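The values are calculated or read from the model by the stated rules, or taken from the named source; none is laboratory data. Predicted model only: the values in this text are computed from it and were never measured. Here Cβ is always computed from backbone atoms with ideal geometry, including for glycine, and neighbour counts include all displayed protein chains. Ligands, DNA and RNA are excluded from the accessible area calculation, which covers all protein heavy atoms including side chains. Shrake-Rupley method; radii C 1.70, N 1.55, O 1.52, S 1.80 Å.
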Amino acid sequence: MAKAKFSHALDALRSIAADVLARAKAGGASGCETEVSEGYGQTVTVRMGEVETIEYNRDKGIGVTVYVGKQKGYASTSDFSPKAVADTVDAALSIARFTAADEAAGLAEPELLAKEIGDLDLFHPWDVTVERSIEMAKAAEAAAFRLDRRVANSEGASVSAQQSHFVAANSNGFMAGYPSSRHYVSVAVIAAQGDEMERDDWYSSARSHRDLASPEAIGDYAGRRALARLGSRKIGTRHAPVLFEAPVANGLLGHFVGAASGGNLYRKASFLVDALGKPLFSPLVQLREEPHLRRGLASGYFDDDGVATRARDVVKDGVLEGYFLGVYSARKLGMSTTGNAGGNHNLILAPGNENLVGLIRRMGKGLLVTELMGQGVNTVTGDYSRGAAGYWVEGGEIAYPVSEITIAGNLRDMFRNIVAIGSDMLVRGSRQCGSILVDGMTIAGD
């Protein structure tokens, strides 16, 4: 494994966090929490075989939240000097004394805090040289260009290596932190035929660079996707089954997480208010949160509140079993935290037995969606309307590409009408799923 190149050791971050807590207590805070972090990395982008950008990043920061009774103040700094740390804590204290009291404010109870914290194999520094990054990016782009002379342009290929570490602490006795890494290779190319141009992309992301797909495979697939979209047509308005390819199906899970998250729930800005324990999805949907997966892209033993995370069923046999709550939102709702301050952890939709080709055959006739555009999703009502592109399917096979269409429905109906889930599991971030077949939606075209 490559050697880490942090400017500060983890023990130094712990020392700064301890200084923050001590200063806050001396200044009259009844409670304090802080996060001290540092990160570094590089990103190289090549376009049309030429280097376009070489970016180095090295960042650090301290965030301080203090409580004076039920009053809260927050301040931050990127300066690790003792004077800057003291000034930041004092600023947070000053802000707290001028804010209104909030009965839900305050640290997590000590018994909820994570105590046993193991190694989840999240840190794999990648000491890739700029020269090697350029070679990889060029190889990804070249693989797409080799396919067909119609792949004639590119939006660029990038290779990025990122490493970070942090310490989180609070005055209820919690202090923990760890290093992590995340790397990616991406490419976006344009296929042209006459006056028509179609763009598509692909990327691979992982904790370890050894788990990334090869640049050549990424470029080849991006090129094939762009070529397949040439000759796109519009289609007439109709009601038909819609198959969401895995990358866009992930977005459906994202809409669910947003509606089931504490902030939207306590503000009554979600169609899932009071939905707990009720059927929400098709009975075949099983959705679990697995925060302790080794090398998981959203793994962790504690959330942003320091609360211990745990594996759990979020949806079982289509029934909504749990929300996504941090300490504050749970108190606002009169419920218990689920250890989700900061978001969900490795939310996994159980796969079915059929791959994408099998789902296309099962659908028979309908729309395969490979790209979505716009933000037409209303979390309050569940109404869903987004621009889309993909392929029209006839007789269980792709007939032709389609574009400039809109798909519309309501998330409640879409979730209930899931009739199949693909085995083509895609792992790119905090949510993992295969393609999703929805029985019927409105498709608006010509």
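In this label model, Leu426 and Glu131 are separated by 3.6 nm, measuring between points 7 Å along each Cα→Cβ vector. Based on the alpha-carbon gyration tensor of the range 282-342 and its eigenvalue square roots a ≥ b ≥ c, which shape applies: rounded if a/c is under 1.5, prolate if not and a/b is larger than b/c, or oblate? Oblate, since a/c reaches 1.5 and b/c is not below a/b. Rounded, prolate or oblate for the chain? Axes are the square roots of the Cα gyration tensor eigenvalues, ordered a ≥ b ≥ c, and the cut-off for rounded is a/c under 1.5. Since a/c reaches 1.5 but b/c is at least a/b, the shape of the chain is classed as oblate. The alpha-carbon atoms of the range 327-367 define a convex hull whose volume equals 149 cubic angstrom per residue. Convex hull volume per residue, computed on the Cα atoms of the range 212-259, equals 123 Å³.
Here are some pairs, Lys138/Lys234; Lys3/Lys60; Lys115/Lys278; Lys5/Lys60; Lys25/Lys83; Lys25/Lys70; which of them have Cα atoms lying more than 24 Å apart in this structure?
From the list (Lys138/Lys234; Lys3/Lys60; Lys115/Lys278; Lys5/Lys60; Lys25/Lys83; Lys25/Lys70), the Cα-Cα distance tops 24 Å for Lys138/Lys234; Lys115/Lys278.
Both numbers refer to the Cα atoms of the range 325-446; Rg and Dmax are 17.1, 53 Å.
Share of pairwise Cα-Cα distances greater than 17 Å in the range 92-154 is 74 percent (whole percent). Using a probe radius of 1.4 angstrom, the carbon and sulfur fraction of the accessible surface of the chain is 49%. Think of the range 56-98 as a dipole: +1 on every Lys or Arg Cβ, -1 on every Asp or Glu Cβ, centred on the Cα centre; then among Phe98, Gly69, Thr88, Gly69 lies furthest on the positive end. Apply the Debye scattering formula to the range 247-374, with a single equal point scatterer on each alpha-carbon and no solvent, then give log10 I(q)/I(0) at q = 0.11, 0.17, 0.18 Å⁻¹. These q points yield log10 I(q)/I(0) values of -0.44, -0.96, -1.05. When each of the peptides 153-163, 11-21 is scored by the mean number of other C-beta atoms lying within 10 Å of its residues, the order from highest to lowest reads 153-163, 11-21. What fraction, in whole percent, of alpha-carbon pairs in the range 177-329 exceed 20 Å separation? When all Cα pairs of the range 177-329 are counted, 67 percent exceed 20 Å.
For the range 120-181, the alpha-carbon coordinates run over 63, 21, 18 Å along the three principal axes, in decreasing order. In the elastic network of the chain, a GNM with C-alpha springs shorter than 10 Å, the most mobile of Gly177, Gly318, Gly194 is Gly194.
Please state the shape class of the range 132-256: rounded when a/c is under 1.5, otherwise prolate if a/b exceeds b/c and oblate if not, all from the C-alpha gyration tensor. Oblate shape, in that a/c is at least 1.5 and b/c is the bigger or equal ratio. Quick one: among Pro82, Pro247, Pro110, which has the greatest mean-square fluctuation in a GNM of the chain with alpha-carbon springs under 10 angstrom? Result for the chain, Cα springs under 10 Å: Pro82 fluctuates most. Please find, in a Gaussian network model of the chain (springs between Cα atoms separated by less than 10 Å), the residue of Leu227, Leu147, Leu325 whose mean-square fluctuation is greatest. Sorting by GNM fluctuation, first place goes to Leu147. Taken over the Cα atoms of the range 320-395, the convex hull encloses 158 Å³ per residue.
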